[in-house]
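Visitor: Sharing a structure below in structure tokens format, with a few things to ask.
The values are calculated or read from the model by the stated rules, or taken from the named source; none is laboratory data. From a predicted model like this one, the values you see are computed outputs, not experimental measurements. FYI the Cβ positions are ideal-geometry reconstructions off the backbone, even for glycines, and counts take in every protein chain you see.
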Amino acid sequence: MRPFALLTAQSTEDAFRHSAQGARCIGGGTNLIDLMKEDVERPASLLALRGLPWSDIREESGGALLLGATASNAETAKHALVRAHYPMLSAAMLSAASPQIRNMATNGGNLLQRTRCHYFYDTATACNKRAPGSGCSAREGIARQLAILGGSEQCIATHPSDMCVALAALEAVVHVRSQQGAREIAFADFHLLPGTTPEHESSLQPGEVITHIALPAAARGFAAHSTYLKLRERASYAFALVSVAAALELDAQGVVTRARLVLGGVAPRPWRVLEAEALLVGKLPQAESFAQAAERLLQGAQAQGDPAMGSNGFKLPLAQRAVVRALEMAHAGELTNTGEMALQEEQS
Ligand code: SF4
């Protein structure tokens, strides 16, 4: 591990000054420190954000719920208002990593965590994300965990977060600040597709710090019929091969008035297609419209990688079925296939 300076800020203005000078922000360090140990990341200085006043979880006057960027994933997932009004987010967060990691990892850090593509971590291999212009070893190599949607010739990495899949479905808003002032970024605009510059992963600008994530009041209408379905290689402590955040709002006759549908584990960012959601609205929740929505959401999906080494072609039928199952679960009011046990453990 290379030497680096660890900075602590005495105030928020102090933090913005350090950030503007190029210090990398660190919350729990559950991803960045690993990457530094592997020599993938080489920051000259780290700015510790814990201790700054961004760890609160509170309601705004308009009804939105603000999640502090330095609040831990564990305390956010267990918060009474999150569980009551945004249970899908709680389930998604509790399906991720391990209790120890959730205690350390922060909300802001979760958004900025980096892909777990094997080649990204292996500095002996070509990787455009780690070393721009060097090539992409995954395209003709092991791609089992990687993207079937949204990738490019340069990169087919997936975003590894569960939390972000639920945040995309809830249409969260990311609050950021710098020395130049504050701005808000719609969640759909926060993560970037790789295109020709896979090293650029978010719309966060140099010097900007995430301070809060806002959950809109309007998303509370999904609480009764929302699901986070996660499919992975083992029962816990594994990234999603495919995950689905599905949410429905129904009228008194049981007709869908609003729908949200987002895939995780299949693209460089949470994968949402508004036309797929529109196929559900105005209809009774039923198999035919669920299958149509799944098909539209997966339109354009392509297998990647060398079949002999580890192609990800299996994700296409898996995702199709997972979307239909998640919509069935949301309709039935089943919150999750994996996180409920953890949720109960952590509530006890
Ligand atoms: Fe690197 Fe992206 Fe290719 Fe993985 S998929 S090797 S992260 S360029």
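Visitor: Can you tell which of 199, 208 is surrounded by 18 or more Cβ atoms within 10 Å (Cβ to Cβ) and under 27 Å from residue 132 (Cα atoms)?
Guide: Going through 199, 208 in turn, the sole match is 208.
Visitor: So, one more: Among the residues in segment 166-174, are any touching a Gly at 6+ places or on another chain (Cβ under 8 Å) and either at pLDDT 95 or above or not in a helix (DSSP H, G or I) (or both)?
Guide: The answer is no, given that none of the residues of segment 166-174 is touching a Gly at 6+ places or on another chain (Cβ under 8 Å) and either at pLDDT 95 or above or not in a helix (DSSP H, G or I) (or both).
Visitor: For segment 185-203, does any single residue satisfy the condition of being free of Cβ contacts under 8 Å to residues at least 24 places away in the same chain, in a loop (DSSP other than H, G, I, E, B) and under 25 Å from residue 11 (Cα atoms)?
Guide: Yes, segment 185-203 has at least one match.
Visitor: Right, something else. Go through segment 130-184 and give me each residue that's more than 14 Å from the chain's Cα centre (by Cα) and more than 16 Å from the ligand (Cβ to nearest atom).
Guide: Within segment 130-184, 175, 176, 177, 178, 179, 180, 181, 182, 183, 184 qualify.
Visitor: Something else about it: In segment 265-315, how many residues are surrounded by fewer than 16 Cβ atoms within 10 Å (Cβ to Cβ), part of a helix (DSSP H, G or I) and of a type in the set (S, T, N, Q)?
Guide: 1
Visitor: Give me the residue from segment 64-81 that is crowded, with 20+ Cβ neighbours inside 10 Å and not small (Gly, Ala, Ser) and, out of that set, nearest to residue 163 (Cα to Cα).
Guide: Of everything passing the filter in segment 64-81, 73 is nearest to residue 163 (Cα to Cα).
Visitor: Can you name the residue in segment 116-129 that is in contact (Cβ under 8 Å) with a residue 60 or more places away in the chain and within 7 Å of the ligand (Cβ to nearest atom) and, of all such residues, is farthest from residue 239 (Cα to Cα)?
Guide: For segment 116-129, the residue satisfying everything is 128.
Visitor: Which condition number in (1) among the polar types (S, T, N, Q); (2) within 8 Å of the ligand (Cβ to nearest atom); (3) surrounded by fewer than 23 Cβ atoms within 10 Å (Cβ to Cβ) is the one that residue 113 fails?
Guide: Tallying (1) among the polar types (S, T, N, Q); (2) within 8 Å of the ligand (Cβ to nearest atom); (3) surrounded by fewer than 23 Cβ atoms within 10 Å (Cβ to Cβ), residue 113 fails exactly one: (2).
Visitor: Sticking with this structure for a sec: What are the residues in segment 222-264 that are crowded, with 23+ Cβ neighbours inside 10 Å and of a type in the set (Lys, Arg), if any?
Guide: 230, 260
Visitor: Which one of 234, 220, 258 is touching a strand residue (DSSP E or B) at 6+ places or on another chain (Cβ under 6 Å) and more than 18 Å from residue 149 (Cβ to Cβ)?
Guide: That would be 258, the only listed residue that is touching a strand residue (DSSP E or B) at 6+ places or on another chain (Cβ under 6 Å) and more than 18 Å from residue 149 (Cβ to Cβ).
Visitor: Right, next: (1) surrounded by fewer than 21 Cβ atoms within 10 Å (Cβ to Cβ); (2) more than 12 Å from the ligand (Cβ to nearest atom); (3) touching a residue at least 40 places away in the same chain (Cβ under 8 Å): which one isn't true of residue 100, the others all being true?
Guide: (3)
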